[in-house]
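The values are calculated or read from the model by the stated rules, or taken from the named source; none is laboratory data. Values in this document were obtained by computation on a predicted structure and should not be read as measured data. Counting neighbours? That spans all protein chains shown, and the Cβs are built from the backbone with ideal geometry, glycine included. Please note that ligands, DNA and RNA were not included when accessible areas were found on the heavy atoms of the full protein model with its side chains. Shrake-Rupley method; radii C 1.70, N 1.55, O 1.52, S 1.80 Å.
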Amino acid sequence: MLSKIPLWVFGVLLLLVFFGYRQSRDRQVTPLYMGAIALAMLSLSFYSVVAAFGLKPAPLLAWAVGVTAVVGGGRSVLQPRGMRAVPGAILVPGSWVPAGLMLGIFTAKFLLGFATALGWSVVRDPAFALAASLVFGAFSGAFATRALGVYRFAQDAGVLAPSGLTPPAR
């Protein structure tokens with residue numbers, strides 16, 4: 001069964017492990033960079049829900065509930081801790097949380113694709129569609145929560161111009 005998995009899937013997994021490891025190290029980021037990652041994850045998870053379950057209201061609503069619940073309630077758990085302002089950026093301490101989130105999305109997407117490819121009937125179960133959509137939304141909401149945390153910190157630290165997009169001129 002594993003021999004039928006396309007090789008590119010393992011390449012994606014290795015790439016995610018690499019990016020996850022990089023996130024475990026201290027790094028300088030901008031709110032725009034973090035926002036772009038969050039937007040990419042939101043888009044990919046939304047696409048996963050639509051590709052798997054179609055443009056049906058219930059899965060889309062479950063996805064939105066997942067995003068909203070984590071953005072609304074996950075701030076204290078998911079927001080990066082120990083950030084420091086540096087000229088034009090934010091120094092974010094390394095964390096394995098982003099790696100866990102990326103691998104979580106990968107695993108959910110892999111299992112959904114695996115179940116779909118094998119024709120498992122659970123994929124057609126409305127309760128499964130809602131649960132899977134909620135999971136995809138929650139993972140994406142976690143990335144959005146982290147991006148919002150960096151943005152708020154940058155605003156409070158005065159790293160951003162009033163528009164929020166560019167650092168102030170020095």
The Cα extents of the stretch 80-149 along the principal axes, largest first and rounded to whole Å, are 54, 17, 17
Among chymotrypsin sites (Phe, Trp or Tyr not before Pro) in the stretch 1-58, those in a DSSP loop whose Cβ has at most 11 other Cβ atoms within 10 Å are none
So the carbon and sulfur contribution to the accessible area of the stretch 70-170, 1.4 Å probe, in percent, is 67 percent
With all protein chains in place and a 1.4 Å probe, Lys56 shows an accessible area in Å² (nearest 10) of 120 Å²
Of Ser121, Ser95, ordered by accessible area with the largest first and a 1.4 Å probe, the sequence is Ser121, Ser95
Amide H proximity to Arg27 below 5 Å, modelled H, separation 5+ or other chain, gives Val92, Gly94
Magnitude of the Cβ-charge dipole (Lys and Arg +1, Asp and Glu -1) of the stretch 11-170 about the Cα centre, nearest 20 debye, reported as 280 debye
Given unit charges at Cβ for Lys, Arg (+) and Asp, Glu (-), the dipole magnitude of the stretch 11-103 about its Cα centre in debye, nearest 20, is 160 debye
For the chain, longest principal axis from Cα atoms; helix 57-73 axis from its Cα atoms; angle between them, nearest 10 degrees, is 30 degrees
Checked against the positive end of the charge dipole of the chain (+1 on Cβ of Lys and Arg, -1 on Cβ of Asp and Glu, about the Cα centre), the farthest of Ser45, Ala144, Ala154 is Ala154
Over the chain, the quotient of the Cα radius of gyration and 2.2 N^0.38 Å is 1.15
